[in-house]
Amino acid sequence: MNEKEILNYIQSCLDCKTCLEVCDTYKVTEEEYKSPNGRLKIAEKIFNNQEINNEELLGIYTCTLCASCNLVCQQSIPIADIIHSSKIKIVEENKGPLENHKKIIKGIVEKDNSVGGNPDERLDWLLEKYKKEEIFEKKNSDTLLFFGCMSSFRVRESASAPYEILKLAGYNFKILENEPCCGEYIYSAGNVDIAKKIFKENIELFKKIGVKNLLVTCGGCLYAFDKVYRKYFKDYDLTVKHIIDIVYELEGEGKINLKPLNRTITYHDPCRLGRKYKNGPLFSEPRILLKKCGLKINELAVTPSEGPCCGAGSGIRGVDSSICIKIGKELFNKIETKVLISSCPLCVFNFRYVNYKNQTYKDSKYITDYILESMKK
Ligand code: SF4
Ligand code: SF4
């Protein structure tokens, strides 16, 4: 989308405010500059080269880029994409990203991760029984299981369980000894130049070690590797799948056997596996697998594509964590089960943070926890 197209889209807005009804950042703040329609008005100023104030800057940077608004817009305006383009322009003009983003970006450049983790501890989740046999990139496989920063450091069972499931299924894959960051955080913050440098380094690394297929555990990595990398590097032709895709295939081939656990859970669809997944959405596969694990699933929305955002996407936690907590709290108010399952470690991490802050005593789990438990039963 070029600037003229963006302005044409913005000018087509009817001000009907339908989009306000689905925007979680608006619903929990009731501030129009934190709504899709309000953000389009800020974007209009940005693309008309007018000054924006700090409140307006915050309006743009508190968007989770969940894309719920895109689905309901009466004029089919790609609102989330325009908000992201606004961030890119803000950075090009040296007015962004915000200080917290800059700190996290510095951490990614220096330590290869977005969560301030010690790179030497990145593989601490790797079970002792597999440590001795692991030969990393030297393994003869063109499939790389990539974990990302959240799985590696914050929700470590979303690294260990996928690894163990694939091992138990006899699937041939390799992992990296020193995994880099996918760069999605930097891209979401609008800093395309730094993000592209990371994308390029990662593509070169994958080429060097003979990777043709990527399996990822995180929605952010999936979005980056499957959608964003292709946008900037035309010869990038890797197959990219979420771990749930491959577990689903292996179960279909009889290589994974699931036994009933007999529980009731609520399932949450991450935005980047649903509305934002080019090859997706991955709606039915996780539900089929969970049902095969003997779980009764409570839904959060009438259809999965209308499902709520976890509240933490696109670096918003570092901008205004109170919004993430409020969005998460609203979501927890809707659920009747003790456990909420998601297929993205960032969502799981935010749900745990919300529970901790609100003392709601609910549990949040990454989807493969139950799959592994069911396999081992
Ligand atoms: S992308 Fe999500 S958070 Fe951003 S304006 Fe649209 S609905 Fe609101
Ligand atoms: S739904 Fe679309 S047309 Fe209506 S106010 Fe929102 S952006 Fe404008």
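The values are calculated or read from the model by the stated rules, or taken from the named source; none is laboratory data. Predicted, not measured: the structure shown is a model, and the values here were computed from it. In this analysis, Cβ positions are derived from the backbone assuming ideal geometry, glycine residues included, and neighbour counts consider all displayed protein chains.
What residue, among those in the range 184-195 that are part of a helix (DSSP H, G or I), in contact with a Gly (Cβ under 8 Å, 6 or more places away or on another chain) and not aliphatic (A, V, I, L, M), is surrounded by the most Cβ atoms within 10 Å (Cβ to Cβ)? Going through the qualifying residues, I end up with GLU184. Scanning the range 312-329 for residues that are more than 16 Å from the chain's Cα centre (by Cα), within 13 Å of ligand 1 (Cβ to nearest atom) and not aliphatic (A, V, I, L, M) yields ASP320, LYS326.
Note on the range 26-52: among residues that are more than 24 Å from GLU92 (Cβ to Cβ) and part of a helix (DSSP H, G or I), the one that is nearest to ligand 1 (Cβ to nearest atom) is TYR26.
Could you list, in sequence order, all residues of the range 139-148 that are in contact (Cβ under 8 Å) with a residue 60 or more places away in the chain and either crowded, with 24+ Cβ neighbours inside 10 Å or not β-branched (Val, Ile, Thr) (or both)?
Result: ASP142, LEU144, LEU145, PHE146, PHE147, GLY148.
SER76 meets each of the listed conditions (1) within 15 Å of ligand 1 (Cβ to nearest atom); (2) part of a loop (DSSP other than H, G, I, E, B); (3) surrounded by 13 or more Cβ atoms within 10 Å (Cβ to Cβ) apart from (3). In the set (1) more than 9 Å from ligand 1 (Cβ to nearest atom); (2) under 18 Å from GLY315 (Cβ atoms); (3) touching a residue at least 24 places away in the same chain (Cβ under 8 Å), CYS66 fails one condition alone, (1). Of all residues in the range 13-34, those being among the hydrophobic types (A, V, I, L, M, F, W, C), within 14 Å of ligand 2 (Cβ to nearest atom) and within 21 Å of ALA301 (Cβ to Cβ) number 4.
The single condition among (1) farther than 30 Å from GLU306 by Cβ; (2) within 20 Å of the chain's Cα centre (by Cα); (3) without any contact (Cβ under 8 Å) to a residue 40 or more places away in the chain that ASN113 does not satisfy is (3). If you check CYS347, CYS309 for being buried (at least 24 other Cβ atoms within 10 Å of the Cβ), assigned to a helix (DSSP H, G or I) and within 20 Å of the chain's Cα centre (by Cα), only one passes: CYS347. Of everything listed in (1) within 21 Å of ILE323 (Cα to Cα); (2) at pLDDT 95 or above; (3) touching a helix residue (DSSP H, G or I) at 6+ places or on another chain (Cβ under 6 Å), the single unmet condition for ALA67 is (2). Look at the range 352-372: where a residue is closer than 26 Å to ILE243 by Cα and a partner is of a type in the set (Phe, Trp, Tyr) and part of a helix (DSSP H, G or I), sitting 6+ places away or on another chain with Cβ atoms under 6 Å, you get LYS362/PHE332; SER364/PHE351. Scanning the range 280-293 for residues that are touching a residue at least 24 places away in the same chain (Cβ under 8 Å), in contact with a Phe, Trp or Tyr (Cβ under 9 Å, 6 or more places away or on another chain) and not aliphatic (A, V, I, L, M) gives GLU285, PRO286, CYS293.
Across the range 4-25, the number of residues qualifying as among the basic types (Lys, Arg) and in a helix (DSSP H, G or I) comes to 1.
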